[in-house]
1. How long is the gain from residue 35 to residue 113 if the chain were fully straight, where each residue apart is worth 0.36 nm and the alpha carbon distance is subtracted?
2. How do the peptides 110-116, 34-40 rank, highest first, by the average count of neighbouring beta carbon atoms within 10 Å per residue?
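Since every read-out is calculated from the coordinates, none of them should be taken as a lab result. Computed from a prediction, not measured in an experiment: that's the story for all the values here. Counting neighbours? That spans all protein chains shown, and the Cβs are built from the backbone with ideal geometry, glycine included.
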C-alpha cells in the first residue's frame with residue numbers, strides 16, 4: 001500500500017479543530033521564523049518565501065511567493081489579508097476529491113487565477129486509511145518510507161505539474177502567487193524547494209525552509225496524535241503516525257537524490273524537466289531577486 005500526502009490533514013477532522021486553538025503559536029520560535037509566517041485563523045502553514053539569499057548575493061523579494069496548507073477554512077478576516085497581499089495566482093496541487101471535500105475560500109474582490117495541478121495516487125484510498133487508523137489496524141505500515149517515496153515521485157512522475165507552475169509564476173501578471181496542497185508541506189513543499197533552487201538559493205537553505213513546517217505545526221501535531229490515540233482506543237502508536245504529519249529532511253533529500261540520479265544535477269533538471277532554460281532562469285531571477 002502506498003500513502004500519498006493528500007491524506008495528511010483529512011485523517012481526522014476533529015483533530016484539526018482541536019489543533020487550531022489555544023497556545024501561543026510563536027512561543028520559542030526564532031525571530032526569522034516568526035517574520036515569514038502569515039498569521040491566519042484558518043491556515044496554520046501560510047508563509048512568505050522572501051528574504052532568502054541567493055548564491056549571487058541577491059535575495060528573494062518579500063511578498064512575491066507564498067506557500068500554504070489548505071485554504072478551505074479561511075475566515076472573512078483571512079480573506080481580507082489575502083486581498084491585502086495582492087495574491088493573483090493560486091497553484092492548487094490537491095486532487096479533485098480533496099478539492100470537492102474542502103473547496104478553497106478565496107477573496108471575491110479581484111479574485112486570483114487558480115491553476116489546478118493535481119498530484120495524487122490513484123491506488124490510495126484516504127477513507128480506507130482512516131478506517132484502518134481508527135481501528136488501530138496499521139500493521140507494519142511504514143509511513144516514513146511512504147513519504148520518502150512520494151517525494152521521489154514529485155520530482156519525476158509529477159514533474160509536469162511543476163513545469164506548469166513555472167509557466168505561470170515566471171510571468172509578472174501572475175505575481176504574487178501562493179502554492180498549496182492539503183497540509184502545505186509535501187506537494188507544496190517540493191514546489192517551494194524547486195522555486196527557491198531555481199532562484200539560486202543554496203540547497204541547505206532550501207532544507208531549512210522545508211523543515212519550518214515543524215515549527216508552525218508542532219502544537220497541532222501533538223493534538224492530532226493525542227486525538228488519534230483516543231479515536232483508536234490507544235491501539236495506534238503515535239510515533240508510527242508522526243512521520244506523516246510532520247516533515248523530515250530525508251523526504252526532500254529523496255527528491256533531490258532522484259533528481260541527481262536521473263538528471264545528473266539540479267540545473268539539468270530545471271532545464272529538461274521544468275522547462276526553465278538558462279535564459280528563462282535569468283529572466284526569472286531578474287524578476288524575483290533584489
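1. The span from residue 35 to residue 113 would gain 25.4 nm if fully extended.
2. Packing order, densest peptide first, comes out as 34-40, 110-116.
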